[in-house]
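See structure below.
The values are calculated or read from the model by the stated rules, or taken from the named source; none is laboratory data. Just so it is clear, the model here is predicted, and its values are computed rather than measured. For neighbour counting, all protein chains shown are included, and Cβ atoms are generated from backbone atoms with ideal geometry for every residue, glycine included.
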Amino acid sequence: MSDVFAAIADPTRREILDLLRADPLRAGEIAEHFPEMSRPAVSKHLRVLRGARLCRVCASGRERRYELDPRTLRDVDLWLARYRSLWGAKLQSLKAYVESDPRERHPKAKRAR
């Protein structure tokens, strides 16, 4: 799974995955979204995403389209699910703290009157 996290750690690759959510795209169509980047650089990002099994290539005749492969993301989501309850508890504690009366948070603040 470390190759998956390494792949999605890069903001360009996350943006490519976002593009592929809507529709399968040819490499050239993906490259058009990154005019500041060379086509070989875009191809390298696609190679990393394919290697991490986050996208796949579908060939139809001479045309090759890249499409999102959600199975690997589902595996990541299942792994992360074990930690969501921890986040929820921490966020609830933070919410309660932020919404509490400052005088109740800091007993010294009561005496400052």
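Within the span defined as region 51-60, one or more residues are under 15 Å from residue 9 (Cα atoms) and among the charged types (D, E, K, R). Here is a check on your reading of the model: is residue 14 part of a helix (DSSP H, G or I), over 17 Å from the mean Cα position of the chain (by Cα) and among the basic types (Lys, Arg)? Considered against the rule, which asks whether it is part of a helix (DSSP H, G or I), over 17 Å from the mean Cα position of the chain (by Cα) and among the basic types (Lys, Arg), residue 14 comes out as no. For region 40-59, the criterion of being within 19 Å of residue 26 (Cα to Cα), in a strand (DSSP E or B) and among the polar types (S, T, N, Q) is met by none of the residues. Cβ-Cβ contacts under 8 Å between residues 6 or more apart (or on different chains), taken from a first residue in region 4-16 that is farther than 23 Å from residue 28 by Cα to a second residue that is at pLDDT below 90, are listed as 4/75; 4/76; 5/76. The residues of region 58-113 that are among the hydrophobic types (A, V, I, L, M, F, W, C), more than 21 Å from the chain's Cα centre (by Cα), at pLDDT below 85 and surrounded by 10 or more Cβ atoms within 10 Å (Cβ to Cβ), listed by number, are 89, 94, 109.
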